[in-house]
Number of protein chains: 2
Amino acid sequence: MNGTRNVERWGVHEVALEGPSEAPRSGGSRGSNPFTAVRITARYTHGSQAVEVPGFYDGDGVYRVRFMPESTGRWSWAIRSNRPELQGARGAFTCVRPGSKNHGPVRVAGRHHFSYADGTPFFPLGTTAYAWTYRPEAVRRKSLESFSRYGFNKIRMLVFPKHYGDGKNVDISYDPPCFPYEGIPGSWDRTRFVPAYFRNFEERVGDLRDRGIEADVILFHFYDFGKWGLDKGTRRTDDLCYLQYITARLAAYRNVWWSLANEYDLIDNRRLGGGFASSSDRKDWEAIGRYLATHDPAHHLRSVHQWPFGPLFPNRPWLTHVSYQSPGTYSLLMELKGRYRKPVINDEYQYEGNIPMDWGNCSAEEETIRHWAAVMAGGYATHGEAFNTPKNHRDIFWSYGGRLHGGSPPRLRFMKELVTALPFQEMGPDTYKGDGRNLFCLRKDSEVYLYFMTPAWKDHNMLFVGPPEGGTWEYDAVVYDAWACRKVRSASWKCGLVRRPRFPPFAAIVLKRKGGRR
Amino acid sequence: MNGTRNVERWGVHEVALEGPSEAPRSGGSRGSNPFTAVRITARYTHGSQAVEVPGFYDGDGVYRVRFMPESTGRWSWAIRSNRPELQGARGAFTCVRPGSKNHGPVRVAGRHHFSYADGTPFFPLGTTAYAWTYRPEAVRRKSLESFSRYGFNKIRMLVFPKHYGDGKNVDISYDPPCFPYEGIPGSWDRTRFVPAYFRNFEERVGDLRDRGIEADVILFHFYDFGKWGLDKGTRRTDDLCYLQYITARLAAYRNVWWSLANEYDLIDNRRLGGGFASSSDRKDWEAIGRYLATHDPAHHLRSVHQWPFGPLFPNRPWLTHVSYQSPGTYSLLMELKGRYRKPVINDEYQYEGNIPMDWGNCSAEEETIRHWAAVMAGGYATHGEAFNTPKNHRDIFWSYGGRLHGGSPPRLRFMKELVTALPFQEMGPDTYKGDGRNLFCLRKDSEVYLYFMTPAWKDHNMLFVGPPEGGTWEYDAVVYDAWACRKVRSASWKCGLVRRPRFPPFAAIVLKRKGGRR
């Protein structure tokens, strides 16, 4: 890979070097620990620009540095290491224009939205597949097909394996083929990573990237529940070591987002104790956030997933956007937009499914309405699915991916197609035109309107259009059945009361102002 | 009445004087117009305090001045007039402590609430009976019984008569026994009031006052629709003359609120033209608001009822609170609270009823939910009813009062009883604990919680209580069936997830924190 001459902008430049291995010394004892004893960094330079990029040990005596160049042109690199075998290695490559499907990493755009680095707006339509990465290839292929089929372009996924169970009736978990650390459950050596585990994870991130899908990588979580003890009893030095390792491996993937935790505020300190990865103390998450802000050379998006049932996570400079969970996707999302003045994503409004737990038994209708409501608040959301099917009660999509069974995904895809054809980033919620419960309105000035109504809205046979005092504009209107996912008809409406528009139960209505005054 | 020696605080002191009449002059022509030619004012003094109070002509050569004393003790009064018969009349009275049911006029309390002048909190539970005042006594008695039976304590009512009709199929109107002006439809003499019309109106205001009900008096409206032409073609001088007259007659009634207009922003300037009473120009309503702020000696509450579909009415110093109409009672109401930083009342969220018009066919359930949602936003609302019954298709409650037929009034009464037993003025909406659509939470710190859930809320078999990270508090919980209007049971709940509380479809839950930590 060192020989790579051309790397596209926002692609991955990788240096691989042979270095000290952990081969047994004479006498049978292992050599020094390459994960902790060997330091390796590359300095990438481009004109007057220089970027320090940490490297990592990938096992078998191989050390790697990965870098995502953000400017086209000639880049040079030089290795610095405390080991003579690595120190001083150097080279150069040319960063060329990106391919047509590569728009770069996603950044915050304006106050409440996202765009790719090349300026293309990005509308996140999230779904959840926490541990899809370590299922067999056939299942993974189905997962990828499911993501793409329904237009999901941001996947919430965990680095560490996931277990769910109550110790009695429920056991929804698969062991991964290998674990992230050497050792056995209860006795992990947290200074020795298992490169194969991380290699698999980053290949999955690459699978997503190749399909234009963002990987919302959740760095810490507590869904271990005593199964493997991976979340328990770490020391802070271990956690920093892990952060350094995962950043070095993943940061060069342009589609990475850092989600520091899932449900950080639900972590039970007393039960888990130990390092800051098992803490709900905000100071600990602050430390992680700051670490990423200063050590990730690619400056990926950073959030802390929270359940804002209690106090809110403070609005910190390193926090690029707000990630929260709640069935509240409209008024709460708007409140969070106002408070943080950053993009807001409802990253769990409960999952469509049929399991007994409240978080996993939304109807397709309720799932669809909740997601629409988030969008009508000028925000974003993440779907999830928890169907327990007779064939396989464990490959529940929310955890392990596979096939989607629910009714909401095609409706969400339809919503995304509709909304991304509008100037969504320039549109804001108009609370004055709906009831905020079953009728919602989003608009760009008086030029473009989007209405959404649920079957519970009372008046499907009328709509007020435009400013009431105006009356001088006309609109090209298109009425969509947001459940059947099709256009119902178009019309030309004047400002004021539209009579007998005969909206379908789930209706989406797009209005575009005609060129001139009549 | 001049002989009245004792007037209770916030009662009415009235001076009646004989003065020039409009008796025919020799030759049969009428005398000069007492409404415009005679000026009369009283100066009330109390220690160093002095209040100028305008008087009015009440017909038959009688002139009156009415005054609401706000301080106990001895008051003197002296008349000033351009007519020698009136000039210089004087007297005195003693203002004594109010009776037990007299709490004074309602004022704004804190930022978003109301209290009587004596400090007693006032929770407005409004209803609408625009033109109940001029129906026969038997109907009026039914109206008053209806108001009291369901605890409605603020009635939205018009000074001018009301017609509703489309000129074809719909004709919902009664002529009043007499009209406010001399003349005939199409040819009103707007400089000559008919005292009997106003006397009847103020007697109705008195009926309400005696039952502890506030009269939300709507000064201007356009529900004439060509029937009598009362809203059309006035001059500004006429309108000022009317404002002076109505203020002089009514301001001494402690239960008066001034609602400058109903739906000021829906007035069609082009159709109505003329004086500012028939204008949607904000400058005109500004002029009226300023007039009242400076000329009403009792400083009653002032609002302009608007449909905030288009631009909002500006936040003016003379505006004491926000009055608006919309099906949006939760997110919109909260937004208006934030924008105006004043109390907000949704003064029409549509009426329970069975008429074809969208504004008059809410189900009892929807009516109840909309009103509850306003209260759960820390605001207030006004009910209305539009049932077309076989017996009488014209005495529709929203217009003419009478009997209530709907299902919402008993539920609203129940809501009011429940909420007023809590420290409502100290409670704020907690958007983090509900979904803002079907589950709502209002709380005072972590001491007192009120939850409300609709039948559409998904999880009636669980509830999260208290802060998630806390877990050290316990609450005395009472579960109410907000539809059956009864207590279901009490319980003691710890912070965290409450399992299987078996909430009724319409549930209201009150939590009060127990004294100490466990």
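Values in this text are rule-based calculations from the coordinates and carry no lab data. Since this is a predicted model, take the numbers as computed values, not measurements. Virtual Cβ from ideal backbone geometry, glycine too; neighbours counted across all protein chains shown.
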Sorted shortest first, the nm distances from the B:ALA92 label point (7 Å along Cα→Cβ) to its counterparts in the other copies are 10.7
Burial-style ranking of A:338-350, A:472-484, average other-beta-carbon count within 10 Å with highest first, yields A:338-350, A:472-484
In whole Å, largest first, the alpha carbons of segment B:6-96 cover along the principal axes 51, 20, 17
dims of chain B, Cα set, principal axes, largest to smallest, nearest Å -> 89, 61, 41
Most exposed to least, judged by fewest other Cβ atoms within 10 Å, A:ILE396, B:ILE184, A:ILE172 sort to B:ILE184, A:ILE172, A:ILE396
Inter-copy distances for B:ASN200, label 7 Å out on the Cα-Cβ vector, sorted ascending, nm, one decimal, are 8.7
Inter-copy distances for B:ARG80, label 7 Å out on the Cα-Cβ vector, sorted ascending, nm, one decimal, are 8.8
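Over the Cα atoms of the protein assembly as shown, compute the convex hull volume and normalise it per residue, giving Å³.
208 Å³
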Measuring from its Cα centre, chain B shows a charge dipole (+1 at each Lys and Arg Cβ, -1 at each Asp and Glu Cβ) which, in debye to the nearest 20, is 1280 debye
tail above 14 Å in the computed P(r) of segment A:365-434, as % of all Cα-Cα pairs, reads 65 percent
By the Cα gyration tensor axes a ≥ b ≥ c (a/c under 1.5 gives rounded; else a/b larger than b/c gives prolate, otherwise oblate), the shape of segment B:21-169 is oblate
Links exceeding 28 Å between C-alpha atoms in this model, out of A:LYS512/B:LYS162; A:LYS514/B:LYS342; A:LYS154/B:LYS444; B:LYS416/B:LYS458; A:LYS458/B:LYS433, come to A:LYS512/B:LYS162; A:LYS514/B:LYS342; A:LYS154/B:LYS444
So, relative contact order of chain B in percent, Cα under 8 Å, 6 or more apart, is 11 percent
Quick shape check on segment A:184-334: root eigenvalues a ≥ b ≥ c of the Cα gyration tensor, a/c under 1.5 is rounded, otherwise prolate if a/b tops b/c, else oblate, and it reads oblate
Among B:ALA386, A:LEU17, A:HIS46, the residue whose Cα sits farthest towards the positive end of the charge dipole of the protein assembly as shown (+1 at Cβ of Lys and Arg, -1 at Cβ of Asp and Glu, taken about the Cα centre) is A:HIS46
Taking max minus min of the Cα coordinates of segment B:428-513 on each principal axis, largest first, gives extents in Å of 32, 25, 21
Inverse of <1/r> over all distinct C-alpha pairs of segment B:123-421, i.e. the Kirkwood Rh in Å, gives 19.2 Å
Note on segment B:5-159: contact order normalised by length, alpha-carbon pairs under 8 Å, 6 or more apart, percent, works out to 21 percent
With Rg from the Cα atoms and Rh as the Kirkwood inverse mean 1/r over Cα pairs, segment B:317-465 has an Rg/Rh of 1.00
Output ordering of B:380-388, B:64-72 (per-residue mean of other Cβ within 10 Å, highest first) is B:380-388, B:64-72
